Ligand SMILES: [Zn+2]
């Protein structure tokens, strides 16, 4: 049912237009950014390192032009609206500044691990992507062929997280799940977010459009912001593993189509776009990641995990043809891309996208459910999809920490 179109007032429109030209501007539901950490970045990074990270990883193709100006001795950063702050570079090998405060530790900073426990003392947060359950249809990460077992990303990622937690604990890690059911972490709901959603919509819109915008604010933005608050302020882990599954276009929700393509990739935070960097909060997050040297750990860690997962699953790499992502590692599986979760979590994030949920082989395996041991699927004995995913991630993390932690000898 289509509702009556609403028109936003002229005053609101003028305010909106003014917001695009110089006044402070934030992305939806973002509080005004806190830049206080920037003061600790003076003399914390040499010019060469800053410029390399900015140009090669975070803001390729001059995406930060107009808001980050790299000079000889310092960088000028547009903080809010038309306000700028200058941050001097470190010179002569002396790093006087500390950079942004960080709670996470690099693998190389941990002590040696006991034999068989490469993850001893590592704090790992598992983030089962999406919500599933009663929210699966709203999230549009759900399909069902006739009366067969439904495929919901949020339910599958939760099942993987529950299998993965004891595997990581066996390897010595402290592992925590960001959610244990389909209950949202955020206290907001689509209804309570309606005013914010209405403020975001411009021009005339229908009641249906407002409903969809409010739902999107709830399950995507508010939910991820609430999870980020848990990660950054309460749990303070060394690593976050975001568990997702991919999907290809499945057409009409009532008549989803299976297709043969199946693949894998992982995403590390980076590749910010020019328009994204016009938002004060997004610019602040990018610079906090850059000065925090998060990619130095996130790239090799993610690459090790995704390559181990590739061995465990036999999946080929996914290839992006859009300009919102580029290859970040040595191999073909890791991409740099700016997502809300890997941007808001101020810690190395391993963001995984294995399996195409609506590919024929994955659909058939989902129909078999989760099980222990092996069952014959498509003529080959296979672990359950959930166990295969969890095992690949656990082995990848173990492999990275085994390689990077100092040896006890
Ligand atoms: Zn997902």
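Looking for something crowded, with 17+ Cβ neighbours inside 10 Å, more than 16 Å from the ligand (Cβ to nearest atom) and touching a residue at least 40 places away in the same chain (Cβ under 8 Å) - is there at least one such residue anywhere in region 242-253?
Checked region 242-253: no residue is crowded, with 17+ Cβ neighbours inside 10 Å, more than 16 Å from the ligand (Cβ to nearest atom) and touching a residue at least 40 places away in the same chain (Cβ under 8 Å).
Take region 120-135 and flag every residue that is on the phi > 0 side of the Ramachandran plot and within 14 Å of the ligand (Cβ to nearest atom).
Residues satisfying the conditions are 130, 132.
What single numbered condition from (1) touching a residue at least 40 places away in the same chain (Cβ under 8 Å); (2) in a helix (DSSP H, G or I); (3) farther than 30 Å from residue 305 by Cβ fails to hold for residue 213?
Among (1) touching a residue at least 40 places away in the same chain (Cβ under 8 Å); (2) in a helix (DSSP H, G or I); (3) farther than 30 Å from residue 305 by Cβ, residue 213 violates only (1).
Consider region 186-210. How many of its residues are assigned to a helix (DSSP H, G or I) and under 21 Å from the mean Cα position of the chain (by Cα)?
Number of matching residues: 0.
Which of the residues belonging to region 254-290 are out of contact with any strand residue (DSSP E or B) (no Cβ under 8 Å at 6 or more places or on another chain), farther than 15 Å from residue 339 by Cβ and surrounded by fewer than 18 Cβ atoms within 10 Å (Cβ to Cβ)?
Scanning region 254-290 gives 254, 255, 257, 274, 275, 278.
Scanning for something more than 24 Å from residue 218 (Cα to Cα) and buried (at least 19 other Cβ atoms within 10 Å of the Cβ), does region 147-161 turn up at least one residue?
Taking region 147-161 and keeping what is more than 24 Å from residue 218 (Cα to Cα), we get 147-149.
If we keep only those that are buried (at least 19 other Cβ atoms within 10 Å of the Cβ) too, we end up with none.
No, region 147-161 contains no residue that is more than 24 Å from residue 218 (Cα to Cα) and buried (at least 19 other Cβ atoms within 10 Å of the Cβ).
Is it the case that some residue within region 79-92 is outside any loop (DSSP other than H, G, I, E, B), exposed (fewer than 13 other Cβ atoms within 10 Å of the Cβ) and at pLDDT below 95?
yes
Return the total of residues in region 136-162 being within 11 Å of the ligand (Cβ to nearest atom) and part of a helix (DSSP H, G or I).
Total satisfying the criteria: 5.
To keep it simple, each residue is scored yes or no on (1) more than 21 Å from residue 390 (Cβ to Cβ); (2) touching a residue at least 40 places away in the same chain (Cβ under 8 Å); (3) in contact with a strand residue (DSSP E or B) (Cβ under 9 Å, 6 or more places away or on another chain); (4) not assigned by TED's automatic domain parsing to the domain that holds residue 294.
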residue	(1), (2), (3), (4)
99	yes, yes, no, yes
112	yes, yes, no, no
115	yes, no, no, no
119	no, yes, yes, no
125	no, yes, yes, no
129	no, yes, yes, no
132	no, yes, yes, no
138	yes, yes, no, no
142	yes, no, yes, no
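Just to be sure, is residue 320 within 16 Å of the ligand (Cβ to nearest atom) and surrounded by 21 or more Cβ atoms within 10 Å (Cβ to Cβ)?
It is false that residue 320 is within 16 Å of the ligand (Cβ to nearest atom) and surrounded by 21 or more Cβ atoms within 10 Å (Cβ to Cβ).
Would you confirm whether or not region 186-195 contains a residue that is more than 16 Å from the ligand (Cβ to nearest atom), closer than 28 Å to residue 104 by Cβ and touching a helix residue (DSSP H, G or I) at 6+ places or on another chain (Cβ under 6 Å)?
Yes, because at least one residue in region 186-195 is more than 16 Å from the ligand (Cβ to nearest atom), closer than 28 Å to residue 104 by Cβ and touching a helix residue (DSSP H, G or I) at 6+ places or on another chain (Cβ under 6 Å).
Within region 335-392, can you find the residues that are surrounded by fewer than 21 Cβ atoms within 10 Å (Cβ to Cβ), part of a strand (DSSP E or B) and more than 16 Å from the ligand (Cβ to nearest atom)?
Those that are surrounded by fewer than 21 Cβ atoms within 10 Å (Cβ to Cβ), part of a strand (DSSP E or B) and more than 16 Å from the ligand (Cβ to nearest atom): 375, 376, 377, 380, 381, 382.
Based on what the data block shows, is residue 408 part of a loop (DSSP other than H, G, I, E, B), out of contact with any helix residue (DSSP H, G or I) (no Cβ under 8 Å at 6 or more places or on another chain), loosely packed, with under 15 Cβ neighbours inside 10 Å and at pLDDT below 95?
Against the criterion (part of a loop (DSSP other than H, G, I, E, B), out of contact with any helix residue (DSSP H, G or I) (no Cβ under 8 Å at 6 or more places or on another chain), loosely packed, with under 15 Cβ neighbours inside 10 Å and at pLDDT below 95), residue 408 qualifies.
The values are calculated or read from the model by the stated rules, or taken from the named source; none is laboratory data. Since we're looking at a predicted model, the values are computed, not measured. Note that each Cβ is placed from the backbone with ideal geometry, even for glycine, and that neighbours are counted across all protein chains shown.
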